[in-house]
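Only one structure is covered here, and it is reproduced in the block below.
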Amino acid sequence: MAYQPDVVFEVTGSLPFIAPIKGIENAVESWDILSGKVDVPQNKTIVVIGGGIVGCETAEYLAEKENKVHVLEMLPSIANGLEYVNRLVLDVTLQQMKIDVVVNASVTDVDSSKVTYTVDGAEHAIDCDLIVVSTGQKPYVPAVVKELQDRNIRVLKLGDAEKVGKIFNATAEGFHKAHDLF
Ligand SMILES: Cc1cc2nc3c(=O)[nH]c(=O)nc-3n(C[C@H](O)[C@H](O)[C@H](O)COP(=O)(O)OP(=O)(O)OC[C@H]3O[C@@H](n4cnc5c(N)ncnc54)[C@H](O)[C@@H]3O)c2cc1C
């Protein structure tokens, strides 16, 4: 408020979205693995729940540490939205690292050492040492935004705070929204 702004751009990014799976509190978040907040074990069996771009990236990182990694994705394909060339590289890397990818796999239950999931109605389970959840991101809108709006300050939301996407969308949108002010 010290700036007395006419317009505030709200570009506060996203937070992990944790799918409501029974026992999911036994899992660690992929962001905590990638940021180094959680130490990565070695020579363990690890299940990554969610085979989006971040889940696949996390799986690669874990496999680099000599872990046996399984990725469970509920959609028919993994890493949806990844650019074509990156996609080709990802497929090769996953194979080379012997990362086990299961698609159409809906995780139903998690405990500290087992992940249960169904594929086409058939139940399966993987015993593991670590479970990582990577089921997406959701926009992060801090409380201060409402306070600004309540004071009739114009707030323009963009980037992941508006809709979780990629760097290109966030930067392009930033340019256009700033340009449109004038
Ligand atoms: C693990 C991971 C890998 C990704 N890899 C790719 C990739 O390879 N290519 C790609 O295109 N996209 C990738 N993305 C998506 C990309 O990071 C985002 O789309 C992009 O960063 C969105 O930009 P943004 O400016 O909206 O948000 P962010 O880059 O998240 O920036 C938001 C910033 O706001 C800060 N902030 C939040 N609240 C406040 C507050 N109250 N006060 C002050 N500051 C605050 C945050 O700390 C953060 O620094 C990836 C995302 C993740 C999570």
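Read the figures in this text as sums done on the coordinates, not as results from a lab. Quantities reported herein were computed from a predicted structural model and do not represent experimental measurements. Here the Cβ is made from the backbone with ideal geometry for all residues, glycine too, and neighbour counts use every protein chain on show.
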Self-check item: DSSP bridge orientation in the stretch 18-135 - percent antiparallel, rounded to nearest 5
Solution: 45 percent
Exercise. Could you sort 101-108, 51-58 so that the peptide with the highest average Cβ count within 10 Å comes first and the rest follow in order?
Key: 51-58, 101-108
Quiz item: Do you know the Lys pair count in the chain for C-alpha distances under 22 Å, with sequence separation 8 or more or different chains?
Solution: 26
Quiz item: Where the centroid of each part is defined by its Cα atoms, how far is the stretch 89-112 from the stretch 132-158 in Å?
Solution: 32 Å
Self-check item: Mean-position separation - Cα centroids, the stretch 163-182 and the stretch 38-53, in angstrom
Solution: 33 Å
Self-check item: About the Cα centre, charge dipole magnitude for the chain (Lys/Arg +1, Asp/Glu -1 at Cβ), debye
Solution: 360 debye
Self-check item: Burial order of peptide ranges 130-139, 171-180 (average beta-carbon count within 10 Å, highest first)
Solution: 130-139, 171-180
Quiz item: Taking a ≥ b ≥ c as the square roots of the eigenvalues of the Cα gyration tensor of the stretch 139-182, is the shape rounded (a/c under 1.5), prolate (a/b larger than b/c) or oblate?
Solution: oblate
